[in-house]
Structure formats: C-alpha cells, structure tokens
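Everything below concerns the one structure shown next.
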Amino acid sequence: MITREELRHLAQVESAENSAVTFYFQPQTPQNKSHREEQIQVKDLVQDALRRAEKNGNNPSVRADLKRILELAEQLHGNHARGKAVFACSGKSIWREFDLPKRLKRTQLYVAHRFHLRPLAAVAASAPRCCVALIDRERARLFELWMGEVREQAEIVDPLPRVGRTDGFSGYDAGHNERHVENQAMRHFKNVAQRLHELHNARGCDSFIVGCREDLWPQIEPHLHTYVRQKMLGRFAIDPALATAEQVREQGWRILDEREASERQALVREVMGGAQRNGRGKVGLRGVLEALERGEVQTLLFGEAFYAPGSECSNCGHLDSNLVDTCPACGQRMRALEDVTDAILRRALDGNIAVVYIGPDPEFEKAGKIGALLRFRADQTKSGKIAG
C-alpha cells in the first residue's frame, strides 16, 4: 500500500554519497516470444548508472543496490500485468518495493542524493481506494478497487424466506408472506448500508460505487448513511449474481476516471480564475514557490509535462526558480537542481498539501504547467495589508 506517510518517509531520505537508487519498471508488450527486451533494457540502464556512479567515485552501496535491481528484473521476466517501483539505499538499510498499475510512462532508473518520487506520487494521487458494492435483495458482494486492481473482499447474505404456493383464506397468507419478504429485503439493505458505513470509518474508504438492478436503487439509497452518500461516485446497472470481477473493474474505473476528470477540470478553472482575479489562485513556478514559502498553498497542481530547473538551499530549504549560488533567505550555499519537481513535492508532503496531476490542458500549459489553490493570500489578510 502506498500511503502519504510512506511517501513522506521516502521524501525525507537524503544521501550525501549520492547513493539513493530509484527504479521504475513499466511492462511492455513483447516484440517476440523470447520476452528479452525488458531485461536488456534494464541491464542497459544499470550499466549506464554504474558508469555514472564510477565517475563520482566507486560506491559499494550503489553497486550492491543496482545488482539487486538487475536480479529483480530477471524475476519480472514475462510478467506484464503490473509495474514496479523500487527505492534502495543500502547505506541507510532501505529497500522498498511497490507493485503499481501499468500507468508509468516508461522504465526508468535514477541514482542521486534523493529518491525520485514524482512518478510514484502521480500514480498514488490518481488511485483512490474505492469500495464497489454489488447489491441485490438478499446478497451483496463488496469489492476493493485500487491501483488498477479489483479484489472481492466480503459477501453479505441475508436469504429471503421461501413462501408457499397457497394464498390462504381470502389471499391473507399471500399478502402476509409478501410483506414479510419485503421486510426481510429492507433489513438486508440496512445491513449492507451499515457495513459500508463501517468501511468508511474503520478502513477510510475514499469513495463508493454501487452496482445493482435499476429497479432496486430507490429501495437501497434511503438506507445509505450520509457519509457514504457524500462519497458516492456513481452507480451502474448490473446483475450482482452474474457479475465478474473484470466487469466490476471496468465499470468502476470508468466511473472513477469520469469523476476525476471532471474534478480536475473544475480545479483548473478555479485556480486559473483565482489567479486572474488576484484571488485564491497562483500559476507559474515563481508564484507557486512564493506561495509555498508563505504557507498559503492548499492544493498543488502539476501538469503532466512540467519540468523546470531551479535551486535549493542546503541549509534552510529555500527553493528558487533561478539558478543562484547564494540563498536570499539565509545567505548559505544553494545547489542547482536539474528539475525542482521532487523538491516541491517534498515540501507538499511535509506540509500536508494535496497534490493533483493535470492531464493535457492547453490553457494550464500556457500558464506554466504548475499552479496552486491557496488557503488564503498573505497580502490580503489584515496583517499583510498593514505590513504592506
């Protein structure tokens, strides 16, 4: 499981010997039956990393970690179902592996003083943990949808009573039996609703999706707890008794993708509009870094293709959009960063700032491919106006 705390822990790792190794494996469709392309690619990446490491001094820790990654690649031979992320630093006794959906751009290998977290953070941000409940009148199947995978977690069965053929005196038995069946079905819906509420409280489900016959939804919905309704992403029509796990995965991801795309578009509009009105929006690297320094940021927006060099203070952590030698905040030495993305991400993780990755959006790309929704604007608070 990739948690925010896990990301924060990895973001805090720093190696003075440049021995933090990051490996991302993205499975590809093989070009021939030998399935050797992936292993050859990883071997080339490892050899190239070893050559670069030797230029910076022979580091046994890096060599050991790269050798282990090469061995891992052999085990991934022919496994095209999932991606993989590895974070290794033998000098600090770190080896962490994560299975990932096939959503990485490519297989990558990095050796640096910090781990490269952007691809992992992007996958984690786009993979909320969702409960999919398939419900009929006497049975419910609960699935967990996460990281591109679906697993059936539980089943709730409340059998309906079997009624006889006779209607009894003046149809009394038939009416009584029908009411009894309906009451049992209602109790079943309440039981399922209670279980979903427990999942929300105990396991922190990010969202819920319901699959059922269309005629049953009006009977199910009134029993759902308010919190569950608030986290409902949608529903789809299906016969729970006949549904396969693959159908659940397809329908669930369709609803997830549609909802997330809509929410991202709304967020971009809010940030862009706020920036134009001098409100709670910032766009462009310089403005976002300034807002981060002032503690104003609520949500960070990264474009898919965002990339920018910059500088980071080795003493106070100040980030600058320019390549400068001396920190303007504390006067200490600044180090050049080929890309400031990971440094910004570390700041977001430390400050409990939400991170959202935006797909292709021409207007957002023109604005610099990075933005922020602000909690407040320091220059518009009472103290800020007085200081100004």
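We did not get these values from a lab; they are worked out from the coordinates using the rules stated. Computed from a predicted structure; not experimentally measured. Quick reminder, even Gly has a Cβ in these numbers, built from the backbone with ideal geometry, and neighbours come from all protein chains shown.
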Beta bridges per DSSP with both ends in segment 278-387, % antiparallel, nearest 5: 75 percent
Fewest-first ranking of I255, I209, using other Cβ atoms within 10 Å as the exposure measure: I255, I209
For the chain, with +1 on Lys and Arg beta carbons and -1 on Asp and Glu, the positive-most of Q39, G371, H223 along the dipole: G371
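Determine Rg/Rh for segment 4-125; Rg is computed over alpha-carbon atoms and Rh is the Kirkwood hydrodynamic estimate from the same atoms.
Values: Rg = 14.1 Å, Rh = 14.7 Å.
So for segment 4-125, dividing Rg by the Kirkwood Rh gives 0.96.
Considering only the other residues whose Cβ falls under 12 Å of the Cβ of H223, what net charge follows from Lys and Arg at +1 and Asp and Glu at -1?
Working: positive: R187, K190, R195, R229; negative: E221.
It works out to a net charge of +3.
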Computed label-point distance, nm, for sites R277 and E37 using a 7 Å Cα→Cβ extension: 5.0 nm
Whole-number percent relative contact order across the chain, with pairs defined as alpha carbons under 8 Å at least 6 apart: 14 percent
Check: segment 4-125 dipole with +1 on Lys, Arg Cβ and -1 on Asp, Glu Cβ, in debye: 280 debye
Cα lying deepest toward the dipole's positive end in the chain, options S93, N59, Y357, charges on Cβ: N59
Most mobile listed residue (D158, D65, D136) in the chain, GNM with C-alpha springs under 10 Å: D158
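Does the chain come out rounded, prolate or oblate by the C-alpha gyration tensor, with a ≥ b ≥ c the root eigenvalues, rounded set by a/c under 1.5 and, if not, prolate when a/b is larger than b/c and oblate if not? Write out the running numbers ahead of the final one.
Numbers: a/c = 2.94, a/b = 1.62, b/c = 1.82.
Oblate, because a/c is 1.5 or more while a/b does not exceed b/c.
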Reach of K231 by Cα under 14 Å, taken over aspartates and glutamates that are not fewer than 8 positions away in the same chain: E198, D206, E221, E260, E263
Between segment 304-381 and segment 78-122, the Cα center-to-center distance that results, in Å: 23 Å
T22, T326, T107, T3 arranged by Cβ crowding within 10 Å, fewest neighbours leading: T3, T326, T107, T22
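How high is the FRET efficiency from R286 to T244, r the C-beta distance, R0 51 Å, rounded to 0.05? Walk me through the intermediate numbers first.
Values: r = 51 Å, r/R0 = 1.00.
With R0 = 51 Å, the Cβ-Cβ based efficiency is 0.50.
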Order of M186, M147 under a 10 Å beta carbon neighbour criterion, fewest first: M186, M147
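Counting only DSSP beta bridges with both residues in the chain, tell me the antiparallel percent, nearest 5. It would help to have the intermediate numbers written out before the result.
Numbers: 46 of 61 bridges.
Here the antiparallel bridges make up roughly 75 percent for the chain.
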Prolate/oblate/rounded call for segment 294-388, Cα gyration tensor, a/c under 1.5 rounded: oblate
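Summing Lys, Arg as +1 and Asp, Glu as -1, what charge do residues with Cβ under 14 Å from the Cβ of G274 carry, G274 excluded? It would help to have the intermediate numbers written out before the result.
Numbers: positive: R269, R277, R280, K282, R375, R377; negative: E270, E296, E363, D379.
After counting each charged neighbour, the total is +2.
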